[in-house]
Amino acid sequence: MVTWASLAWTSAAILLVLLIAYAQLPIGEGSYPSFALAVVVVLGVLGAIGWWFLHSELAAREVDSRALPDRPEFYDYGLLNLPRHGAELGGKNITDIAYTVFDTETTGLRPSDGDEIISIGAIGVRDGNVASDLLFDVLIDPGRPIPKASIRIHGISDDMVTGQPAIGPRIKEFHAFAGDTVLVAHSAPFDMTFLKLKEAETGVSFDHLVLDTLLISVFLDRDAKDQSFEAIARRHGVQIEGRHSAIGDAVATAEIFAAMLKRLPARGVTTLDQLIRACEEMTAVRKLQEQYGA
């Protein structure tokens, strides 16, 4: 963070270097020490101002994940568990199903008010384990400036997305990557809202079955008061690397989900149908927890 003290110290350092250089100037006939000193002072001030602007821009990109809140929970769970392949997958064992765990980063939290996806990260889960060879990680040009408040969270700036493909081709790439798998995300309705709002524009339909690791966590650890992403990761022995990046959060979510798959049979959940029903029950539980501050 930029402070007056850091600015003063940096300015003093710049001036000291320039004054040392000034002291080496010859003072003889035809020299203008007063003019030279003025030049030194002006250059020092300009250098300090330039440093301040640079430091401010870098500070805007810094992320302290411990100080940042989780995304708000979205409860439009009608977006989840749509009919695609439901009949043929429902009775399958949860470890026999192919999953695509994904996350998005966006310009903001209001997809209906014009916020856009700027990054999609995804990784596969096969046979109950994270498939590190199945990775998807792209940036997207949103066609609008990224607010500085959002840059502070995910670290993605305008210059990083300039020249990247727009949302249309990127969504098609992600759709092809996911194929017929079951989608998994943390607070999934948030990400699904952004995808669903782009269906008319892109001609790509996301009618996949979708699972939410937040709801699974509530099912497995209903008495846990802290259901933040970080707390869920700690309970499952997962270390988050690259927090608030799409691929970093997707990989962490996949590792959490794989650990959850190993715990679910002890709670009587072995098939996809049973897992979906458990998540549906937890939707009501989570609403009550929010309503009464639990």
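The values are calculated or read from the model by the stated rules, or taken from the named source; none is laboratory data. Note that the structure is a prediction, hence the values are computed from the model and not measured. Positions of Cβ are backbone-derived with ideal geometry, glycine not excepted, and every protein chain shown enters the neighbour counts.
Mind checking which residues of region 123-163 are over 14 Å from the mean Cα position of the chain (by Cα), surrounded by fewer than 19 Cβ atoms within 10 Å (Cβ to Cβ) and assigned to a helix (DSSP H, G or I)?
LYS148, ASP158, ASP159, MET160
Out of THR193, THR213, which single residue is modelled with pLDDT of 95 or more, surrounded by 13 or more Cβ atoms within 10 Å (Cβ to Cβ) and hydroxyl-bearing (Ser, Thr, Tyr)?
Result of the check over THR193, THR213: THR213.
If the requirement is being more than 30 Å from THR270 (Cα to Cα) and acidic (Asp, Glu), which of these qualifies: ASP141, ASP103?
ASP141
Look at ASP180 and say whether it is under 28 Å from LEU264 (Cα atoms) and either assigned by TED's automatic domain parsing to the domain that holds SER205 or at pLDDT 95 or above (or both).
The answer is yes for ASP180.
Any idea which of LEU195, LEU214, LEU209, LEU220 is in the same structural domain as ASP133 (by TED's automatic domain parsing), in contact (Cβ under 8 Å) with a residue 12 or more places away in the chain and closer than 19 Å to GLY91 by Cα?
Within the list LEU195, LEU214, LEU209, LEU220, the selection yields LEU209.
How many residues are of a type in the set (A, V, I, L, M, F, W, C) and either touching a helix residue (DSSP H, G or I) at 6+ places or on another chain (Cβ under 6 Å) or part of a loop (DSSP other than H, G, I, E, B) (or both) if we restrict to region 164-182?
So the answer is 2.
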